[in-house]
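Asker: Dropping a structure here in structure tokens format, bear with me for questions.
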Amino acid sequence: MDVLSQEKFQSESGEIQRKWVAKDADIPCMARGISGGGIRVVGSIERWGDTHEDVEYVKIQTGYNLSKRDRLTNIRAANGDLAWEDNNVATVFDVIGSTPVLGPFGELIEYDVLATRAEIQ
């Protein structure tokens with residue numbers, strides 16, 4: 001899994017612009033799609049209303065503390081294949097939240113991260 005972070009820079013015209021850049025690469029993690037439970041039956045759905053919304057959730061367990069300002073991409077299976085991809089391009093996910101998982105003696109074990117598919121790929 002790779003982590004993208006948003007950076008600000010100033011263009012020649014003086015305008016402040018933002019772009020996503022790779023912050024950390026090859027972070028070990030365990031990623032799983034949410035396949036059921038709760039009021040929503042699956043973690044990959046489409047919503048129709050005033051606008052079309054394609055929603056996809058993924059739960060990630062990692063030792064790396066991610067913030068809501070990060071994006072995730074390039075999530076791979078153990079054999080190196082892309083686990084989430086669209087036309088052979090890695091799917092980009094926005095981090096919704098990160099929760100620390102503590103052991104029985106209060107020690108930090110890992111973080112549970114919930115992410116959703118970014119609107120703009």
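The values are calculated or read from the model by the stated rules, or taken from the named source; none is laboratory data. Treat the numbers as computed from the prediction; the structure is a model and nothing was measured. Note that each Cβ is placed from the backbone with ideal geometry, even for glycine, and that neighbours are counted across all protein chains shown. Ligands, DNA and RNA are stripped out before the accessible areas are found, and what is left, the full protein with its side chains, is counted by its heavy atoms. Shrake-Rupley method; radii C 1.70, N 1.55, O 1.52, S 1.80 Å.
Asker: Ignoring any ligand, DNA or RNA, what whole percent of the accessible area of region 63-121 comes from carbon and sulfur when the probe is 1.4 angstrom?
Answerer: With neighbouring chains kept in place, the figure for region 63-121 is 50 percent.
Asker: 5 Å is the cut-off here: which amide hydrogens, built 1.01 Å from N in the peptide plane, fall below it relative to ASP24, excluding neighbours closer than 5 in sequence?
Answerer: Here VAL3 satisfy the definition.
Asker: Let me ask something else. Under 5 Å between amide H atoms, partner at least 5 residues away or on a different chain: which partners does TYR64 have, H built in plane at 1.01 Å?
Answerer: Distant-sequence amide H within range of TYR64: TYR111.
Asker: Can you tell me the FRET efficiency between LYS19 and ALA77 if r is taken as the Cβ-Cβ distance and R0 is 35 Å, rounded to the nearest 0.05? Present the calculation step by step, with values, prior to reporting the outcome.
Answerer: On the way: r = 29 Å, r/R0 = 0.82.
Here the calculated transfer efficiency is 0.75.
Asker: Excluding ligands and nucleic acids, what accessible area in Å² is computed for LYS19 using a 1.4 Å probe, to the nearest 10?
Answerer: Probe radius 1.4 Å; accessible area of LYS19 about 110 Å².
Asker: Moving on. Once the other residues with Cβ under 13 Å from the Cβ of LEU66 are scored (Lys, Arg +1; Asp, Glu -1), what is the net sum?
Answerer: -1
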